[in-house]
Amino acid sequence: MTKSYLGQIKIIEIDGEKVTIGSYSYALQKQITELSIKEKTLEAIDLFLENSIKDWTLTDEAGKKLPITREVLDTLTGTFVNKILAEATAFNQLNPAEAKN
């Protein structure tokens, strides 16, 4: 039987909000690496976050769920985004067996 290395997720809680982070594809990893080589680090981080965040409970004033986009990420506090970035980075460095926990 072949193990699946796609679709691994983890739900984390940050400042009372639930954020679902997940694994990303090798193709995306290559895009992120290419951006980093071209010294486009912030663009690489944005791409990584947009693709690592699978869902969240963040809503606007009307209670509508916010989309996971660079524009929305730019409106969040640096501390909040850095916590997501740290969790997503650590999660994507785990092997699939560790990611299930």
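Read-outs throughout are calculated quantities, based only on the coordinates presented, and are distinct from any laboratory measurement. Computed from a predicted model, the values in this text were never measured in an experiment. Cβ coordinates were reconstructed from backbone atoms using ideal geometry, including for glycine residues, and neighbour counts include every protein chain displayed.
At a glance:
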| item | result |
| --- | --- |
| Pair list, Cβ < 8 Å and 6+ apart or interchain, from region 18-36 residues that are aromatic (Phe, Trp, Tyr) to residues that are assigned to a helix (DSSP H, G or I) | Tyr24/Phe48; Tyr24/Asn51; Tyr24/Ser52; Tyr24/Asn92 |
| From the options Leu58, Leu42, Leu66, Leu49, residue that is among the aliphatic types (A, V, I, L, M) and more than 13 Å from Val19 (Cβ to Cβ) | Leu42 |
| Unique match (being of a type in the set (Lys, Arg) and surrounded by 15 or more Cβ atoms within 10 Å (Cβ to Cβ)) among Lys54, Lys18 | Lys54 |
| Region 59-73: number of residues that are surrounded by fewer than 18 Cβ atoms within 10 Å (Cβ to Cβ) and either aromatic (Phe, Trp, Tyr) or within 14 Å of the chain's Cα centre (by Cα) (or both) | 4 |
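So that you can scan it fast, the table gives a plain yes or no per residue for (1) touching a Phe, Trp or Tyr at 6+ places or on another chain (Cβ under 9 Å); (2) without any contact (Cβ under 8 Å) to a residue 60 or more places away in the chain:
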residue	(1), (2)
Leu49	no, yes
Ser52	yes, yes
Lys64	no, yes
Pro67	no, yes
Lys83	no, no
Glu87	no, no
